[in-house]
Amino acid sequence: MPLSPTQLNALRALLDRLIPADEYPGALASGTDKFILQLLTHSCAAEATTLAQGLTRLDAEANSCHGQRFAALPATAQDALISALVQNRTTTPWPATVSAAAFVNRLIDLAAEGFYADPANGGNRDAASWRMIGYDPLLPVRPSAP
Amino acid sequence: MNASHSIYDVIIVGAGLGGGIAAGVLAEAGQRVLVLERGRDLRYRDIPGDHLRHHRLSLYGDNTTHDPAGHPRVFVDPQGGSRTVFPHEAEYHNNALTVGGGSRVWGMQAWRFHPDDFRMVTRYGRPAGSSLADWPITYADLAPYYERAEHEVGVAGDHTTTHYAPRERAFPLPPVPSTPTGAWLARGAAKLGWNAFTPPLAVNTAPYQGRAPCVQCRQCIGFACPTDARNGSHNTLLPRALATGRCTLITRAHVARVLTDTSGRAIGVEYFAPTAPDSAQTERRTAFATTIILAGGAIETARLLLLSNSPQHPHGLGNHSDHVGRHLQGHYYPVVSGLLPAGFENPNLGPGVSIATTQFNHGNPGVIGGAMLANDFVKLPIIFWRSHLPPDIPRWGLANKKAMRELYLRGIDLRGPVQEIPSPDSRVTLDPHVRDRFDLPVARLSGTTHPETVRTAEFIRARAEDWLRAAGAERVWSSAMDLRLSASQHQAGTARLAADPRDGVTDSFGRVHGHNNLWITDGSLHVTNGGFNPALTIMALAFRAAAKIAAAH
Ligand SMILES: Cc1cc2nc3c(=O)[nH]c(=O)nc-3n(C[C@H](O)[C@H](O)[C@H](O)COP(=O)(O)OP(=O)(O)OC[C@H]3O[C@@H](n4cnc5c(N)ncnc54)[C@H](O)[C@@H]3O)c2cc1C
Ligand code: SF4
């Protein structure tokens, strides 16, 4: 497991704001958190440390502004904090290796990659995002290609 | 280490597009052919439908490369910084590493070059600092082989509207069906007074050569085709070669060098291959033949020529006048996005490319050459999210999610392969430090295209914007192009054709100057790369060279 339980909570709370549920499922109901954990143990193992650091910094930012971890904040406060970080507006020191904007932008990408990619990647359960936008690969059930 | 010696008439390095064509022609002409391919012969089920790892979006890998860590390259950025890169990274400038090469997963646009693409200097002059040159052959020399490629590989098109390149025969397959977006763009082109027609695609729009037609799925470019309707060398000329019983295909066979004798004659190749079909262990082998053909793609063919140096040829084979690896080019691709009017009925079916214009391939004021412009392939949701949402849509949150569902089916974009003005400094050399899994120096890519390319690309970008606006797109946006190295899927130019050995690497048929029995049949030969996707021209040159070799044997 590349993340501590606290970091995992922060990740889930963040994903829930990056792609929230509405009349269609959001990132969490689609398994996008598991998709990201899977990437961090395989294809993107080299990024695990910086993303884990970023999640710890996210909680530190939340604590510095609101006295609570990110996951405990109301959605409006979470959104305001994400907007600030995307613009690199921080209230706590970030390590030289992880800028706030680079960290949040990377998670924005990862969330969308999981949510909008093929269900086999693990972050688009039941192809919910595809049904939402009107995409179906229309592949024949039994391919005739050798 | 084991050494096995065998004698063939012809050895072909690379079972990609150009190599596969040559194999078919030569085996059917009675030659005993050995084809060595470093990739695998992948079936449909071996090529995953992974939307993050395929040949249009390869974020964490692709769907054909077997051993990506074993085949690095080195990329040198314009500031001079260099780094080791792997096949899925943009700076690797990959094509597909498998039987069929790029044609296993390609977009199938099968364009003839424009007659003026073969005489760029005659038409425009040579810009200072560029290596722009005329081809030693004309469109008329290649026309019969374009026709062979269209019929033997299988191209769908409408000969009554494809006017820019004169032709004698109709296409063997009816054009891809028209689409609502194509009809909408056609009205836009008509308003502007531009030509617009259905582009030629190498796809079975009807059953052809024993294979099924396209079922218009929505997972097309960059993937394997579920009905095998995507025509490439892997399902046409290569199977024909194998059916003769005279062609042997060895996969996972990586050619390390071409062997020459003291007179410069190519006598064989040295290659690495698995000790047994499924073994991870490899052994070094040697094979001998009367004729050797290189078809590893523009980057690897140049690398192989450089790796095959000898006391007689200290700078590599064919490199007598320092052209090997230079003039590396691809296509600049301006992309212009917009939104179809609200409520537009968009069935969004594959392959998706359904309309093109050749209005701006030549004769553009103030710039050199130009490009064909066309609409794009059916788009995956994640690619739309990454690159085609309007720039002012927030990148996250409910606003982004709503935009995805409201705009996905309204997305439209135009793009065109801009003819590059080659630079001698855009090149493949051997890296002095990094080696591949066989301990061979890897390709080092450095330099940029000539700045004139950027000017032409900006001109074409503006025309694509005009087209979308005239059609009635609700919004139109695009990004400026910058100066960089360009090669990638359309890589070409690194062993250019030249009548005079001082001007290039091979003669006008693809025979390496100074090495009578060493030939090239891939994108390396292109002197310039046309304002069109290059593959049909690669095929035509391969048919022409193979016919010449067959006639001489
Ligand atoms: C996703 C995608 C879409 C494309 N769409 C289009 C399109 O619509 N229209 C178009 O015209 N073009 C398109 N292309 C480009 C087209 O596929 C290439 O131009 C074409 O395949 C190049 O042919 P080639 O013979 O030069 O090389 P390749 O087809 O790349 O073949 C080279 C082969 O040689 C093998 N090889 C290399 N080195 C060695 C070695 N040392 N030993 C053994 N084997 C070796 C490689 O593994 C490969 O199989 C597309 C490509 C891709 C990937
Ligand atoms: S759109 Fe047609 S050619 Fe493309 S993959 Fe699907 S069935 Fe094959």
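Using only Cα atoms, tell me the angle between helix A:48-66 and the longest principal axis of chain A; keep it within 0 to 90° and round to the nearest 10.
Helix A:48-66 sits roughly 50 degrees off the main axis of chain A.
Using Cα-Cα distances under 8 Å and only pairs 6 or more residues apart, what relative contact order does chain B have, in percent?
Working: 1418 pairs, mean separation 126.2, N = 553.
Rounded, it is 23 percent for chain B.
Can you give the local net charge around B:P341? Use residues other than it whose beta-carbon is closer than 10 angstrom to its beta-carbon, Lys and Arg +1, Asp and Glu -1. Before the final figure, lay out each step's value.
On the way: positive: B:R410; negative: B:E474.
Charge balance in the 10 Å sphere: 0.
Which distance in Å, rounded to a whole number, links the C-alpha centroids of region B:414-448 and region A:86-100?
Here the answer is 37 Å between Cα centres.
Rounded if a/c is under 1.5, else prolate if a/b is larger than b/c, else oblate: which is region B:398-484, with a ≥ b ≥ c the root eigenvalues of its Cα gyration tensor?
Numbers: a/c = 4.14, a/b = 1.76, b/c = 2.35.
The shape class here is oblate.
D for region B:242-332, whole µm²/s, Stokes-Einstein with Kirkwood Rh over alpha-carbon pairs at 4 °C and 1.567 mPa s: what number?
Here the translational diffusion coefficient equals 87 µm²/s.
Give the range of the longest stretch in chain B that excludes all GluC sites (Glu not before Pro) found in loop regions by DSSP and having at most 14 other beta-carbon atoms within 10 Å. Don't skip to the answer; put the middle values down first.
Values: sites that count: B:E168, B:E345.
Here the longest segment lacking exposed loop sites spans B:346-553.
Normalise the Cα radius of gyration of chain B by 2.2 N^0.38 Å (N = residues in it) and let me know the number. Mind dumping the intermediate values first?
Numbers: Rg = 22.4 Å, N = 553, 2.2 N^0.38 = 24.2 Å.
My calculation over the Cα atoms of chain B gives 0.92.
Mean Kyte-Doolittle of at least 0.0 plus a Cα span of 20 Å or more along the axis: flag which DSSP H helices in chain B meet both, please.
On the way: long enough: B:451-471 (31 Å, -0.55); B:535-552 (26 Å, 1.58).
Helices meeting the span and hydropathy rule in chain B are B:535-552.
List the equivalent ellipsoid semi-axes of the protein assembly as shown in whole Å, largest first, each obtained as the square root of 5λ for an eigenvalue λ of the Cα gyration tensor.
On the way: eigenvalues 371, 179, 119 Å².
They are 43, 30, 24 Å, listed from largest to smallest.
Based on DSSP H runs of at least 4 residues, each adding -39500 (n - 2.57), what is the mean residue ellipticity at 222 nm of chain B after dividing by all its residues, to the nearest 500 deg cm²/dmol?
On the way: 10 runs with 115 residues, N = 553.
Helices in chain B give a 222 nm mean residue ellipticity of -6500 deg cm²/dmol.
Just need the relative contact order of region B:1-93 here, percent rounded to a whole number, with Cα pairs under 8 Å and 6+ apart.
Numbers: 107 pairs, mean separation 15.8, N = 93.
Rounded, it is 17 percent for region B:1-93.
With the convex hull built on the Cα atoms of chain A, state its orientation-averaged projected area in nm².
Values: hull surface 41.1 nm².
Seen from a random direction, the Cα hull of chain A projects 10.3 nm² on average.
Would you please classify the overall shape of region B:355-433 from the alpha carbon gyration tensor, given that a ≥ b ≥ c denote the square roots of the eigenvalues, rounded means a/c under 1.5, and beyond that prolate means a/b larger than b/c while oblate covers the rest? It would help to have the intermediate numbers written out before the result.
Numbers: a/c = 3.01, a/b = 1.53, b/c = 1.96.
Cα axes put region B:355-433 in the oblate bin.
Could you compute how fast region B:128-176 diffuses translationally, taking Rh as the Kirkwood radius over C-alpha pairs and applying Stokes-Einstein at 10 °C with viscosity 1.306 mPa s? Give it in µm² per second. Intermediate values should be presented prior to the final figure.
Working: Rh = 12.6 Å.
This corresponds to a translational diffusion coefficient of 126 µm²/s.
Taking H as built 1.01 Å from N, whose amide H comes closer than 5 Å to the amide H of B:T260, not counting residues under 5 places away?
B:I267
Of all trypsin sites (Lys or Arg not before Pro) in region B:10-91, which ones are in loop regions per DSSP and have a Cβ with at most 11 other Cβ atoms within 10 Å? Walk me through the numbers on the way to the answer.
Working: sites: B:R32, B:R38, B:R40, B:R43, B:R45, B:R53, B:R56, B:R73, B:R83; in loops: B:R32, B:R38, B:R40, B:R43, B:R56.
In loop regions of region B:10-91 (DSSP not H, G, I, E or B), the sparsely surrounded trypsin sites (Lys or Arg not before Pro) are B:R43.
Run down the lysines and flag those whose C-alpha is under 19 Å from the C-alpha of B:K401, throwing out any fewer than 8 positions away in its chain.
Those lysines meeting the cut-off are B:K379.
Distance between Cα centroids, region B:455-503 to region B:199-235: provide it in whole Å.
26
Using only Cα atoms, tell me the angle between helix A:5-18 and the longest principal axis of chain A; keep it within 0 to 90° and round to the nearest 10.
Helix A:5-18 and the main axis of chain A meet at about 70 degrees.
A short reminder: the numbers here are calculations on the coordinates, not readings from a lab. Everything numeric in this text was worked out from a predicted model, so none of it was measured. Methodologically, a virtual Cβ is constructed for each residue, glycine included, from the backbone with ideal geometry; neighbour enumeration extends over all protein chains shown.
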